[in-house]
Amino acid sequence: MASAAPPPPDAEPPECPVCLSPFDAASAAPRVLPCGHSLCGPCIASLPPASASAASLRCPLCSQCVPYSRALGPSSLPKNLALISLLPSLPNPSRSLTAAAMPPPLHLPLHADHSRLLARFRHAVLPESASPLHSAPPGPTPAGLAIGSFASDLRAPWFCPRGHPVSLLAVETPASGAPKQESPFYRPSHAARVVAAIDALSGAAREEVIDLVAVSARLARRVCRVYGVWMGPEAAPLWLVSERHSGGVPRMLEERSSGVEMVARIRAVGMEVCEAFMGLHSEGMVLGCLGLGCFFLDRFGHCFLDLNQALALCRGVRAGVCSSKYKVFMAPEAAVVVHDKLQIKDRDLSGLLGPSSDAWLLSCFLVALVTGDEQLAAGWNADGSYDDWKNEVLTSVDASLIGTQMEPLSAIILSCLNYDPEGRPEIADVWKCISGSLMNSNIEALTSNVDLATRKSFMCLLLGELSSMCTDFGADESDDKMQSSQDSDGKHSASDEESSGGFVNIEEVGAAGMDEPKRGELYNSSTLLAHRDCVTGLSIGGAFLFSSSYDKTINVWSLQDFSHIQSLKGHEHKITAIAVVDNDNQSLCISGDSGSGIFIWCIDPSLNNEPLNKWYESNDWLYQGVHCLAVSGTGYLYTGSRDKSIKAWSLEDYSLRCTMTGHKSTVSCLAVACGILYSGSWDGSIRSWWLTDHSPLSVLEEGTPGSIAPVLSISTEANFVVASYENGLLKIWKDDVLVKSEKLQNGAIYAAKLNRKWLYTGGWDKVVNIQELLEDESEVEIRDVATFTCDSIITSILYWDGRLIVGLSNREIKVFYKGS
């Protein structure tokens, strides 16, 4: 039989009818399908399954369904030797054998569960060819984001050209340890690795990823689109890839303008930011915190919200490394929730934050936009009074808008900064205010398409799973550290870290208390923040913690997780004292104010906001004001006032039963123990009274003319009485005999609490001292145990169940407890 004649030298080699590429005996060998048509190996491998079964494919030439084993690949099909003989030159036999002996690795088939997951995330998994990190600069950015661009064109559903800039946020980090050894014959495909990483996420995190992709696609006019997730060829984290624009809003603020240009800028940018917020709320999503760096401008000057940048900022807040000095906007209610990690871990957070919290963020953004002062917009998170900051904002905004068409914006900005979330306007109202002078027709149609009141809860980006990931990225420790005293000569060492805007994350709660602290032991703290002014008193009763303040409110906190329960409002003057009495029938919270008002609040599960009873001491306006309260087991309430007297009120009918006099100045503190009432005064004296008939018993301390130091606090325990003074002096009596007098601080000691043998003091020096009373038959000594520094003046101290609760003048309440 004659051999086939070789093809002529000028003959074209045979081509694959699908890809039109020339056949090759090695990499693109012609393979014969069962229907008789020949295709190259790569084309056969890329054909989709013909049906739900993966063991078949459909011939692209005749549309016939033919069997095909994807596990074995194109090599399972016979070669078309007739076409190979028509190739210009035959391959080297030895090289063919080597290539056959070492085929390229095959892709492992997907697990059944992963197949279903891939079907759901099919529009959120970017192809491997996108390679957005190919142009990333070395090293991470300050926000924890990676910057890059697409290495190839992306078709549906992304439609992104090559070189399109993107930002990448790490979503999932692979487990530490040695990398797994991959088989030389089988390896997982890019889609399989990405889906496996998605499957390793929690269910909530997966939902957040798919929601971000879907929501950003629907809001592409105002929100940078989140394209999906991508993973590199080597062991690398799963990246969330988002659209990125080059122009930043902070850079725009540097270019200050005035008059018409400023009004045009506020209208253009302000309206688009409002629309971004309203779009997110219509999708059931709120931010929780924000910064100017989360907004970018495209080449046409339109403003977009970058969700990747917002997520990176949320992670910084959750990790405790973003504070007011980093210019983060955060509503007060969001700050209370975020910086209590126990509440985040143990409670359902759905519905805690809503559109009203974002209204605060929008207002801060507008303050920065109008005034050009980003630090002022974020300034409330720093130390200081809320009212002072609000007045400063109003003054600055008014000065910037006066004489322009945007003057009405000042009032609505101020209303958005209302401390009570329910008192803030809707963002649609802000949009109307900005655009009202520009267009007055059909505004309602643009802003009333979504009824936010019918939505019960919102997904908060700040409280979500994605914000809690990688919180150790660039984060510093947020625990307050206290070092035990190294000797007894009064040399204390304390390390006080800068907390994030006055907040400290909780790591865990120690149930062992503070007994016998050890050298170098670590103490954690939690910050309770709801007051707007100086905290004046703390008291516990009915499973609640009560705190009073100069802001005329009483805040109620749960003792289980220290979450905020309610604010009791009704006082017209600054609240100066608070006490709780537990009767057989009910528990009562009693508060006194600087206007001589005394309010009785009933403690029950409903915590009615209306007082059970209230009355005012009848005295001259010059001496009005209740300074201290005390309750006894005999059914009496005792009040110390500026009129130098102590009054006994019946808790049955709230009538005045007795007035005790003897002090020469304001009665500043009261304490009850063992049937005796102790009173301290600004005249430097301490007196004791019988509770049975309210007659005077003795004078423990009498102020010496010329060297009078006002008594600021009294605490009793068993047969001990401890008093602190304005000159930093501490005195201790045992059985009404002075046994110890020592100067502890350079300034006034406003709070002293004696609990068994442990003494806690704090005041003007912003230092809490923990000391132990060492008692023998003849004398009492004080042993220094530990100290730690607070951010502000200490006004009140309370010890409860192993926790030291400290009220501060900067409106904070710190809860300290022993770390593990």
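Tabulated data
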| quantity | calculated |
| --- | --- |
| Residue within region 672-689 that is within 47 Å of the chain's Cα centre (by Cα) and among the polar types (S, T, N, Q) present | yes |
| Of all residues making up region 207-232, the number that are without any contact (Cβ under 8 Å) to a residue 40 or more places away in the chain and under 15 Å from Gly464 (Cα atoms) | 1 |
| Looking only at region 778-791, and only at residues there that are of a type in the set (Ser, Thr, Tyr) and open to solvent by 10 Å² or more (accessible area, probe 1.4 Å), the one that is farthest from Val737 (Cα to Cα) | Thr789 |
| Members of region 559-577 that are open to solvent by less than 20 Å² (accessible area, probe 1.4 Å) and either of a type in the set (Lys, Arg) or assigned to a strand (DSSP E or B) (or both) | Leu568, Ile575, Ala577 |
| Inter-residue pairs, beta-carbon under 6 Å, first acidic (Asp, Glu) and in region 341-365, second open to solvent by 10 Å² or more (accessible area, probe 1.4 Å) and modelled with pLDDT of 65 or more, 6+ apart | none |
| Residues located in region 755-770, provided they are surrounded by fewer than 22 Cβ atoms within 10 Å (Cβ to Cβ) and either of a type outside the set (Lys, Arg) or not in a loop (DSSP other than H, G, I, E, B) (or both) | Asn755, Trp758, Trp764, Asp765, Val767 |
| Considering residues of region 518-542 that are surrounded by fewer than 20 Cβ atoms within 10 Å (Cβ to Cβ) and part of a strand (DSSP E or B) only, the residue modelled with the lowest pLDDT | Leu522 |
| First in region 25-44 and under 15 Å from Leu81 (Cβ atoms) and of a type in the set (S, T, N, Q), second anywhere and open to solvent by 10 Å² or more (accessible area, probe 1.4 Å) and in a loop (DSSP other than H, G, I, E, B), Cβ under 7 Å, 6 or more apart | Ser38/Asn80 |
| Whichever residue in region 792-807 is open to solvent by 10 Å² or more (accessible area, probe 1.4 Å) and not in a strand (DSSP E or B) and, among such residues, is farthest from Asn755 (Cα to Cα) | Ser792 |
| Hits in region 311-353 - residues which are within 14 Å of Leu292 (Cα to Cα) and modelled with pLDDT of 75 or more | Leu311, Ala312, Leu313, Cys314, Lys327, Val328, Phe329, Met330 |
| Positions within region 209-229 being under 17 Å from Leu305 (Cα atoms) and in a helix (DSSP H, G or I), in sequence order | Val209, Asp211, Leu212, Val213, Ala214, Val215, Ser216, Ala217, Arg218 |
| Where Leu738 falls short, out of the listed (1) assigned to a strand (DSSP E or B); (2) surrounded by 17 or more Cβ atoms within 10 Å (Cβ to Cβ); (3) of a type outside the set (Ser, Thr, Tyr) | (2) |
| Out of Ile749, Ile714, Ile708, Ile732, sole residue that is at pLDDT 90 or above and not in a strand (DSSP E or B) | Ile749 |
| Extreme residue, most open to solvent (accessible area, probe 1.4 Å), among residues of region 234-251 that are under 26 Å from the mean Cα position of the chain (by Cα) and modelled with pLDDT under 80 | Pro250 |
| Total residues in region 415-454, condition at pLDDT below 55 and within 16 Å of Ser282 (Cα to Cα) | 11 |
| For Lys180: the one exception among (1) modelled with pLDDT of 85 or more; (2) farther than 28 Å from Met459 by Cα | (1) |
| Those residues of region 56-81 which are part of a helix (DSSP H, G or I), touching a helix residue (DSSP H, G or I) at 6+ places or on another chain (Cβ under 8 Å) and hydroxyl-bearing (Ser, Thr, Tyr), in sequence order | Ser75 |
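The values are calculated or read from the model by the stated rules, or taken from the named source; none is laboratory data. Predicted model, so just to flag it, every value in this text is computed and none were measured. Cβ atoms come from the backbone with ideal geometry, glycine included; neighbour counts cover every protein chain shown. Side chains included, ligands, DNA and RNA excluded: accessible areas come from the protein's heavy atoms. Shrake-Rupley method; radii C 1.70, N 1.55, O 1.52, S 1.80 Å.
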